[in-house]
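To start, the structure under review is shown below, and the notes come after it.
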């Protein structure tokens, strides 16, 4: 691998902090007499260096680097579930069927209906508990105190 770390000696001369207080002022007034385009180049220099090195690294390691890293992150589940599966479940809205409560616990999707049933059972115990068409409402939950 030939990509090298960006060194402070490379950053310092192109860092915005290295510009004089008034870079567009003439040298007589402590500036460098920069034009608008030269100022734009100053602001672009450090990000361009970072992009250049990142692109070099990606080229050296292969374009499939990111996909491979995401695919191979170990979720420590022991069932082959990868980080890419997590991202897909998140995007599909099915993460509730994957997240578990405690070690070896049920999934959140399995627990939520049980919790709703338990909350609904309070309806018969407390006349202040309000249900809306047989469903728990925020007002009803607040009535539990």
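Taking a ≥ b ≥ c as the square roots of the eigenvalues of the Cα gyration tensor, an a/c ratio of 1.5 or more together with a/b larger than b/c marks the range 8-63 as prolate. Sorting the segments 20-26, 81-87 by their mean number of nearby beta carbons within 10 angstrom, highest to lowest, gives 81-87, 20-26.
Each reported figure results from applying straightforward, stated rules to the coordinates on display, with no laboratory input. Everything numeric in this text was worked out from a predicted model, so none of it was measured. FYI the Cβ positions are ideal-geometry reconstructions off the backbone, even for glycines, and counts take in every protein chain you see.
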